[in-house]
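Here is the structure we will look at, set down as structure tokens.
Throughout, read-outs are computed from the coordinates displayed, never taken from laboratory work. Nothing here was measured: the structure is a model prediction, and the numbers come from that model. Note: ideal-geometry Cβ built from the backbone for every residue, glycine included; neighbour counts use all protein chains shown.
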């Protein structure tokens, strides 16, 4: 898979300027006085799901999982399975090439993306679900592009920018994507069927839209293969270094969350241990920043929606983004705020109430 163009960085359009949520939190706290909550008994909190390392190692060594590595620049043959069964690949790289793997129920997508960024990984993140596998290429911790061997899943409609393109060239490029996984926009740009700038823009747009479908998928098997050879012919394709904001942008594209996000109106969103630090590093929209300012460990989803004059559906959709990024987690209404969450509010000059 090649992309023969001179090196040039294409800056992606920002979805919004970063906005501090500290002012929103102070404003929110001054608008209403919190009702005093009493604790009749300590409520034990469930530990955060963690990956079973032994089970993962055993799966990685199973003969049913792995076969010989593929040649560079290509992807495994598509695997088909019933949606109710475990999604497993039919052809995989050598065990030594696999950096991590597991089901998203134990190893969330966000952790996979952050591992790629933090460890500066180069290779391929494969996601197996009930449709054609989705592949994310990473180079030195940056996201190069997302693709799949199903061009209809990747881009079902013909973009307006290709209205005047040669029909035969477009069909040939789509066929090549079915064979190698190369985004057909790359093929068209390489054949001068469209400009390089337009190809990069389309790859970002459709790649993020493609990846967004994984967030709401009920069960996905993910696997990262460290393989620099896969990126040998993509040196001129610009990478996205800001993985956090890239992930948030894909979450903004998620449409149907009803089947996977069961947030009760009375449940209470509260920052995770590192959630408050994470949210300050994101480029939030004004609405997202205002929504994040409402997390204090005592306000329910319904109360937050009321405060911001949002319907519950919109509140759930926005909350889904913060939960998927492991910034907040939802607790039953009877659950008290964690000590570290109370400490967060103290940092903003607000003392947590104590039971009398």
How large is the translational diffusion coefficient of the stretch 125-179 in µm² per second when you combine the Kirkwood radius over alpha carbon pairs with Stokes-Einstein at 37 °C and 0.692 mPa s? 258
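Note the full-extension length gain between residue 306 and residue 175 as 0.36 nm times their separation in residues minus their Cα-Cα distance, in nm to one decimal. Could the numbers behind the result be given before it?
Working: separation 131, 0.36 × 131 = 47.16 nm, distance 5.05 nm.
Fully extending the segment from residue 306 to residue 175 adds 42.1 nm.
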Hey, fewest Cβ within 10 Å first, where do 191, 249 land in order? 191, 249
What distance in nm separates the simple spin-label points at residue 253 and residue 120, each placed 7 Å from Cα in the Cβ direction? 2.8
For residue 266 and residue 157, what does the FRET efficiency come to when R0 = 51 Å and r is the distance between their Cβ atoms, rounded to the nearest 0.05? 0.80
Relative contact order of the stretch 114-253, please, whole-number percent, based on alpha carbon pairs below 8 angstrom and at least 6 residues apart. 33
